[in-house]
Structure formats: structure tokens, C-alpha cells
1. Quick check on Gln45: is it surrounded by fewer than 17 Cβ atoms within 10 Å (Cβ to Cβ), farther than 20 Å from Ser105 by Cβ and within 18 Å of the chain's Cα centre (by Cα)?
2. Just wondering, is there one or more residues in segment 121-141 that are under 25 Å from the mean Cα position of the chain (by Cα) and of a type in the set (A, V, I, L, M, F, W, C)?
3. Which of the residues belonging to segment 70-119 are under 10 Å from Cys49 (Cα atoms), of a type outside the set (Ser, Thr, Tyr) and outside any helix (DSSP H, G or I)?
4. Here are some conditions: (1) in contact (Cβ under 8 Å) with a residue 40 or more places away in the chain; (2) under 26 Å from Ala12 (Cα atoms); (3) among the small types (Gly, Ala, Ser). Ala95 meets all but one. Which one does it not meet?
5. Look at segment 62-85 and say how many of its residues are touching a residue at least 40 places away in the same chain (Cβ under 8 Å) and buried (at least 20 other Cβ atoms within 10 Å of the Cβ).
6. Mind checking which residues of segment 135-149 are surrounded by fewer than 14 Cβ atoms within 10 Å (Cβ to Cβ) and out of contact with any Leu (no Cβ under 7 Å at 6 or more places or on another chain)?
7. Going by what's in this entry, would Ile173 be described as of a type in the set (A, V, I, L, M), crowded, with 17+ Cβ neighbours inside 10 Å and either free of Cβ contacts under 8 Å to residues at least 24 places away in the same chain or on the phi > 0 side of the Ramachandran plot (or both)?
8. Which members of segment 1-29 meet the condition of being of a type in the set (Gly, Ala, Ser) and buried (at least 19 other Cβ atoms within 10 Å of the Cβ)?
Amino acid sequence: MDTVIVAFENPAAGKQFCSLIESSGTARCVLCRSGDQIRRLLSRQTCYCVVCSPHLPDGPAEWLFEDLPPICSLLLVGPQHMLDACDSPEIYKLATPLPREEALSTVRLLLQFGHRLEKYVRPRRTSAEQELVNRAKNLLIQRKGLTEEEAHRSIQKRAMDSGLRAAEAARQILRDLGVQP
């Protein structure tokens with residue numbers, strides 16, 4: 001289940017927003033109290049959406065936006081006059097009072113957006129890593145009589161079973177077959 005980080009200057013408003021998101025089954029929420037706490041949390045876990053008031057105890061939420069990972073959207077929720085002070089077109093805004101369905105649909109949309117963005121910002125294999133995978137695949141085809149698809153699945157399975165990237169699994173396979181990686 002996805003995680004949404006929620007931070008409001010008013011702790012009761014933060015708890016209320018968390019309750020709304022969690023009771024709908026949209027995501028689990030982590031309640032924070034400051035921009036700094038959000039930054040520390042984002043350094044340890046993946047999150048696609050941060051919802052907060054336009055101002056946090058340690059400064060404007062706009063300051064936080066620059067530190068968010070590319071897959072994470074910022075949604076400001078507050079009075080229209082406070083939202084108008086934020087002129088960044090990359091920050092999403094919802095004015096209070098906020099209808100329940102509008103809040104939920106916006107958070108769901110931002111979570112979907114983050115999942116789609118992740119495909120484009122996820123680290124890709126380097127050419128050296130791809131060469132390792134190709135070498136391991138070719139050796140599996142030659143020595144074990146596997147098809148290309150079977151060899152590819154074999155490398156993927158090894159990577160998943162051992163919690164490694166495909167290139168590292170390919171390196172292990174090459175060693176197992178007596179070839180210097």
C-alpha cells in the first residue's frame with residue numbers, strides 16, 4: 001500500500017486528513033510536524049505524495065517542494081488566500097473547505113502519477129551491467145540449452161530470490177559457470 005505524508009500546521013487538521021485517506025483505503029498516512037521531518041522521512045522511504053498546509057512550523061511549504069524526489073508531488077491544502085501566495089505551477093493546491101471526494105480523488109491521482117513517473121526516473125542498467133547480463137544469458141543458452149527467454153527468466157529469478165539487481169545476479173551466474181565476470 002502506498003504511503004502519503006501529511007503535515008499541517010494545525011495537528012488536528014493533519015489527523016483529520018490522515019483519517020480521511022486511511023478510512024477510504026487510499027493509502028496509509030504518516031503524520032509529520034515540519035518540513036525537516038518530511039525531508040528526513042523521504043530520505044528513508046519512497047513516497048509519491050506529500051499533503052500539507054501552505055505554511056509549516058519551519059517555513060513555507062514551497063521551500064519543501066525543491067527537496068522532494070522527482071516522483072513525489074506536493075499538494076497544498078488551505079484557505080484560498082494562502083494558496084494564492086504560492087505561484088509555482090508544479091505545486092498542486094486545493095482550497096478549504098474541501099469536499100471529501102475531491103480530496104480523495106486528488107490524492108489518488110497524485111499517487112498514480114508518481115507510479116507512472118517512477119518508470120522514467122528509475123535507474124537503468126549501465127552498458128557494462130547490460131553486457132554482464134547478456135554474457136550470462138548467452139552462457140546459459142550455450143551450456144544449459146535454455147532458450148533466450150528461459151535464460152532471461154533464470155537471471156531474473158536469481159536476482160529476485162537473492163534480492164540483487166540483475167547485473168549482480170548475472171555476475172554470480174558467470175562465476176558459477178566458471179567464467180570470470
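1. Yes, satisfied.
2. yes
3. Ile71, Cys72, Leu74, Leu75
4. Only one criterion in (1) in contact (Cβ under 8 Å) with a residue 40 or more places away in the chain; (2) under 26 Å from Ala12 (Cα atoms); (3) among the small types (Gly, Ala, Ser) is unmet by Ala95, namely (1).
5. 3
6. Matches in segment 135-149: Asn138, Gln142, Lys144, Gly145, Thr147, Glu148, Glu149.
7. Against the criterion (of a type in the set (A, V, I, L, M), crowded, with 17+ Cβ neighbours inside 10 Å and either free of Cβ contacts under 8 Å to residues at least 24 places away in the same chain or on the phi > 0 side of the Ramachandran plot (or both)), Ile173 does not qualify.
8. Correct list: Ala7, Gly14, Ala27.
FYI, it's all coordinate maths here, none of it is from the lab. This structure is a prediction, so every number in the text was calculated from the model and none was measured. All Cβ positions, even for glycine, are placed from backbone atoms using ideal geometry, and neighbour counts span all protein chains on display.
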